[in-house]
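Take a look at the structure set out below.
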Amino acid sequence: MKRFLSSVRDGRGFDITLVAFPLTFLFLMAGLPLIYNVVMSFQEVDMFSLGTFARPFVGLKNYKDLFAQPETWPILGNTVIFVVGSIAGQFLIGFGLALFFWVNFPGASWLRGLFLVSWVMPGLVVGAIWNWILSGDFGVLNFILKESGIISGNIFWRSDPHFSLYAVIIANVWLGTAFNMILLSVGLSGIPGDLYEAAELDGANAWQRFWTITLPMMRSTIGAIVALGLIFTLQQFDLFAAITSGGPNNSSNVTQYWAWDLSFRQYDFAKGATISVIMIIFVMFASVVYVRSTRHEVRG
């Protein structure tokens, strides 16, 4: 112990100590709950056995029962639609805004900063705002669509099973577009301008320059954004709680909200843990993609 303290004072063991504290914190606050959740997905858990770790081991029974439930596959389908729709919407609009502000016209900096308001707002606040916007009787979105002649009658976005999931997607796209725009703007600023000048001298038009220079140079940034978007979208809970509560009749229910509903409303903790484990697998996949996308940047 004395030798260890001496090495810390001399600076030789300081780096190990510096890393040990956050790793210990992560293990206690994230690692142990994760292990507990995985173990619980293989056990029979009820209100009476929740307080003990020694519970009956049931193997894959929770997973089999989960996929045997009739609502499982529709909810998984909703999750895929929500993830794909949110990531695609956030990326396309964010990329368009990043290219727009890349022109660097007067006032571009403060106007770009205004778009960050949506990202820094809490999810429940965003959900409350979009509750008013998506209201079927007096919502702003219905008013705009009717005035532009797109629809003739009101759409009850939150209570219509055909539109409830898309209502949350619209809100989530609005919430995450600013984050995509900022990261893509950073990626665009790292592309040397000489490449565009040389391509323009060679007769390349704007589309050819975008396809042969911008996209290839942005490949790692795009991979990181898609991976982070998958992680953040699978974590999205607040908007569902504030806008639709997974209804009506599970039409807007997704895995993250269903896991909470099973655990804390229906008190089926084992099934909730099982859904969480399935989600962890997809998050780990997205994390691998993110690390691989940014690896060469870290090395450089």
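The values are calculated or read from the model by the stated rules, or taken from the named source; none is laboratory data. Keep in mind that this is a model prediction, so the values were computed, not measured. Here Cβ is always computed from backbone atoms with ideal geometry, including for glycine, and neighbour counts include all displayed protein chains. Ligands, DNA and RNA are stripped out before the accessible areas are found, and what is left, the full protein with its side chains, is counted by its heavy atoms. Shrake-Rupley method; radii C 1.70, N 1.55, O 1.52, S 1.80 Å.
Overview of results
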quantity: Listed residues G187, S152, V168: farthest to the positive end of the dipole of the range 70-295 (Cβ charges); calculated: G187
quantity: Amide proton proximity set for Q43, modelled H, under 5 Å, gap of 5+; calculated: V58
quantity: Under the span-like rule (Cα at least 20 Å along the axis, Kyte-Doolittle mean at least -0.5), DSSP H helices of the chain; calculated: 72-102, 164-189, 219-235, 269-299
quantity: The chain - mean residue ellipticity at 222 nm from DSSP helices (-39,500 (n - 2.57) per run, n ≥ 4, rounded to 500); calculated: -21500 deg cm²/dmol
quantity: Å² of accessible area per residue within the range 70-295, as computed with a 1.4 Å probe and no ligands counted; calculated: 51 Å²
quantity: Estimated inter-spin distance, L111 and E197, nm [label 7 Å along Cα→Cβ]; calculated: 2.6 nm
quantity: GNM result for the chain, Cα springs below 10 Å: residue of L97, L18, L28 fluctuating most strongly; calculated: L18
quantity: Gaussian network model of the chain, Cα within-10 Å springs - most flexible of G94, G187, G153; calculated: G153
quantity: Which labelled figure in [x] 0.97; [y] 1.11; [z] 1.06 is Rg/Rh (Cα atoms, Kirkwood Rh), once derived from the coordinates; calculated: [z]
quantity: Positive dipole terminus of the chain, leading residue within W260, I133, V80 (C-beta point charges); calculated: W260
quantity: Those trypsin sites (Lys or Arg not before Pro) in the range 182-279 that DSSP places in a loop and that have at most 14 other beta carbons within 10 Å; calculated: R265
quantity: Relative contact order %, the range 1-156, counting alpha carbon pairs below 8 Å whose residues are six or more apart; calculated: 8 percent
quantity: Taking the range 119-218 and dividing mean pair separation by its residue count, relative contact order in percent (alpha carbons under 8 Å, at least six apart); calculated: 20 percent
quantity: Whole-percent carbon and sulfur share, accessible surface of the range 70-295, 1.4 Å; calculated: 68 percent
quantity: Electrostatic dipole magnitude of the chain [Cβ: Lys, Arg +1; Asp, Glu -1; Cα centre; debye, to 20]; calculated: 900 debye
quantity: Mean separation of Cα contacts under 8 Å (6+ apart) over length of the range 145-300, as relative contact order %; calculated: 26 percent
